[in-house]
Amino acid sequence: MTSETTSVLATIDRVEGEMMAEIGSTPDLARLDELRVALLGKKGRVTDLVKGVSSLPPAERPAAGQAFNELKRSLEAALLERRTALAEAALEARLLAERIDVTLPARPRDGGRIHPVSQVTDELTAIFADMGFRVAEGPQIESDWY
């Protein structure tokens, strides 16, 4: 291994530590997405580092490429783990905020009321009863059978 390869691998290790610390300190999902793009995007820091592989001797490029692939996999795994942790924390906070105290008394129920049509019918019946009329009850329909 040449000194260039050793320095590239040391740079990968150093950058991985910095990136992992940055991922671990991300406070919310929006910032995590921005960080993911900044690290692994087309113009991200890892992509810039990968461009340096072309300056290595051809025999040592596969080792450096493998190290970069491992770096990408570990960063993606750390991003996924942090995303899961942040999503769980957000869900937990939302559940605590929306919690309902089941020991509180219920709302009082409204009592039933007489239907307006039935009420008017009863009032008219009372008025006509006061005038001397009486209510005659009979079948609901008139037919030859009754």
Check your understanding: Which pairs do you get when a residue that is under 16 Å from GLU16 (Cα atoms), found in the range 40-65, comes within reach of a residue that is of a type in the set (Ser, Thr, Tyr) and surrounded by 12 or more Cβ atoms within 10 Å (Cβ to Cβ), reach meaning Cβ atoms under 8 angstrom, with the pair 6+ apart or on two chains?
Key -> LEU40/THR47; GLY41/THR47; LEU49/THR11; ALA64/THR5
Point to revise | Pairs, first within 20 Å of ASP13 (Cα to Cα) in the range 75-92, second among the basic types (Lys, Arg), C-beta under 6 Å, six or more apart | key: LEU79/ARG36
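Among the listed residues ARG73, ARG82, identify the single one that is under 34 Å from the mean Cα position of the chain (by Cα), surrounded by 12 or more Cβ atoms within 10 Å (Cβ to Cβ) and not aliphatic (A, V, I, L, M).
Result: ARG82 is the single residue among ARG73, ARG82 that is under 34 Å from the mean Cα position of the chain (by Cα), surrounded by 12 or more Cβ atoms within 10 Å (Cβ to Cβ) and not aliphatic (A, V, I, L, M).
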Practice item. Check whether at least one residue in the range 18-28 is of a type in the set (A, V, I, L, M), over 17 Å from LEU80 (Cα atoms) and surrounded by 11 or more Cβ atoms within 10 Å (Cβ to Cβ), and report yes or no. Key: no
Exercise for review: Taking the options ARG134, ARG73, ARG99, name whichever one is modelled with pLDDT of 90 or more and farther than 30 Å from GLU4 by Cβ.
Suggested key: ARG134
Check your understanding: If a residue has to be assigned to a helix (DSSP H, G or I) and either closer than 22 Å to GLU88 by Cβ or modelled with pLDDT under 85 (or both) to count, how many in the range 20-38 make the cut?
Key -> 13
Review point. How many residues are assigned to a helix (DSSP H, G or I) and loosely packed, with under 12 Cβ neighbours inside 10 Å when one looks only at the range 88-103?
Key: 8
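The values are calculated or read from the model by the stated rules, or taken from the named source; none is laboratory data. Quantities reported herein were computed from a predicted structural model and do not represent experimental measurements. No Cβ is skipped: glycine too gets one built from the backbone with ideal geometry, and neighbour counts run over all protein chains shown.
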